[in-house]
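Heads up: the structure comes next, in structure tokens.
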Number of protein chains: 2
Amino acid sequence: MKRTHKNNPQVAAPVRGELFVVSAPSGAGKTTILKRVLAHLHGVTYSVSHTTRPPRPGEVDGRDYHFVTHEEFRELIENGAFLEWAQVHTDLYGTSREEVEQAVQRGEDVVLDIDVQGARSIRENYHGGVFIFIVPPSMEELERRLKKRGTETEATIRVRLENARRELEAMVEYDYIVVNDDLDLAVEVVKSIFLAERTKRDRVLPLVQAMLGLTL
Amino acid sequence: MKRTHKNNPQVAAPVRGELFVVSAPSGAGKTTILKRVLAHLHGVTYSVSHTTRPPRPGEVDGRDYHFVTHEEFRELIENGAFLEWAQVHTDLYGTSREEVEQAVQRGEDVVLDIDVQGARSIRENYHGGVFIFIVPPSMEELERRLKKRGTETEATIRVRLENARRELEAMVEYDYIVVNDDLDLAVEVVKSIFLAERTKRDRVLPLVQAMLGLTL
């Protein structure tokens, strides 16, 4: 019999997926790392957020976002539908509990790319979850990276560095801390965290016991 | 400043190393996997065991084993010097607490390749440790692998399969369960467990805080 990766719990997520919450101060390289990790891993998706902002050209409702009105959003908040939500300028963004729950029940891993406040809400509102924090190798390097973008004034960079310093204090709340010194290495390490979490006993045990015909 | 991997907690193990205990039923592929994982990871070593059996040609005391007399071994047992020990035929083999402790204090990860009984002793005698269990994809495949060795009779294979079935029941005691269906994949996953464990918060926090000049 030719075995396919579908049979392997390390590749196709079995049983129930896991929620991965990833945070980092601006300039740490989180978005770049996540993009590359997700390109190399099967069975991991971003959850589709709800938002009150209007769709941009090309955006599809239900794929890019669930586009809702302010009234609908407020009602969802009142019904406890969000694991976390935040206001950005006048727009509201939220992560729906049902959206995450449906994905993990399909056996998918779900990634949330959110700030330390959002992560705190997840911890309060969700049972489980793997929390990853990405840090720059030094404050000097973070400053260099923020300056390299070239789009911001010296004053804005000062503010961002101060914010970063405050956000970095939240790293004690996370399960894993990944230093983004060498990008390739950081990508490998974050990918490793996903693979390792997928082989945790409680996640694979029922499937493995079934595979081996064990009745415990 | 050119950064070296020495600065990176994901490569050079910082602070304190970790003890990795790896078990598997005979035929699961544990030894092959570990050999390949250790060839691709820095900062991981096997601990040097104590044994009462005489050195074979080429074996060096202190490198391959600590060769001791039965009397010395018995005294070490009485002094609680072993995290685990076992008798194989008339020879005694043991893992010294001091040996492991010195390595992890140097910041090295230590691998113990031992059976489920040995792993139980480690759990009783060591604070911490990461426990990995490697399983075959099915009992049929395990039987095929045992037969392929070609050195054993049908009766011996029956006994080994029965032993394997009993050992497999111990998988519930381990932190990670790795299915060795595709060897390359299993190697990647075990390597991932090592990398992921190296980025756990409690392990890297002091180093990362120092790197970033944070005083928390």
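Read-outs: derived from the displayed coordinates by stated rules, not from any lab. No experiment lies behind these values; they were computed from the predicted model shown. Cβ: placed from backbone, ideal geometry, glycine included. Neighbour counts: every protein chain shown.
For segment A:192-216 versus segment A:39-88, the inter-centroid distance based on Cα atoms is 32 Å. Packing order of peptides A:97-106, A:72-81, highest average first: A:97-106, A:72-81 (average count of other Cβ atoms within 10 Å over each peptide's residues). For the pair B:Thr90 and B:Thr69, the difference between a 0.36 nm per residue extended length and the Cα-Cα distance amounts to 6.3 nm. Rounded to the nearest 5, the antiparallel percentage of DSSP beta bridges internal to chain A is 30%.
Farthest toward the dipole's positive end in chain A, which of A:His70, A:Thr156, A:Ile132, given Cβ charges of +1 (Lys, Arg) and -1 (Asp, Glu) about the Cα centre? The one lying farthest along the dipole's positive direction is A:Ile132. Taking B:Val110, B:Val159, B:Val68 as the candidate residues, the one with maximal mean-square fluctuation in a Gaussian network model of chain B, Cα springs under 10 Å, is B:Val159.
Seen from A:Arg120, the other residues with C-beta closer than 10 Å to its C-beta sum to a net charge of -3, counting Lys and Arg as +1 and Asp and Glu as -1. In summary, the aspartates and glutamates within cross-link reach of B:Lys147, defined as a Cα separation below 15 angstrom excluding same-chain residues under 8 places away, comprise B:Glu162. In plain terms, the C-alpha convex hull of segment A:48-106 casts an average shadow of 4.2 nm² when viewed from every direction. Taking the number of Cβ atoms within 10 Å of each Cβ as an exposure proxy, the fewest-first ranking of B:Ile122, B:Ile132, A:Ile33 is B:Ile122, A:Ile33, B:Ile132. Bridges between two residues of segment A:48-106, per DSSP, are antiparallel at a rate of about 65%. Taken about its Cα centre, the protein assembly as shown carries a charge dipole of roughly 1100 debye when the Cβ of each Lys and Arg holds +1 and the Cβ of each Asp and Glu holds -1. Using a ≥ b ≥ c from the Cα gyration tensor of segment A:137-186 (square roots of the eigenvalues), is it rounded, prolate or oblate, where a/c under 1.5 gives rounded and otherwise the larger of a/b and b/c decides, a/b for prolate? In terms of gyration-tensor shape, oblate. Using the Cα coordinates of chain A, the gyration tensor eigenvalues translate into equivalent-ellipsoid semi-axes of 32, 24, 16 Å, sorted from longest to shortest.
Mean silhouette area of the protein assembly as shown, derived from the convex hull of its C-alpha atoms and averaged over all directions, reads 26.3 nm².
Net charge dipole, segment A:48-106: roughly 180 debye, given to the nearest 20, about the Cα centre with Cβ charges of +1 for Lys and Arg and -1 for Asp and Glu. With r as the distance between the Cβ atoms of A:His42 and B:Glu140 and R0 = 35 Å, compute the FRET efficiency 1/(1 + (r/R0)^6) and round to 0.05. My answer for the efficiency is 0.85. For B:Asp61, the point set 7 Å out from Cα toward Cβ sits 8.1 nm from its twins in the other copies, listed from shortest up. Based on the Kirkwood approach, the hydrodynamic radius assigned to segment A:82-124 is 11.1 Å, with every pair of different Cα atoms included.
The DSSP beta bridges internal to the protein assembly as shown are antiparallel in roughly 30% of cases.
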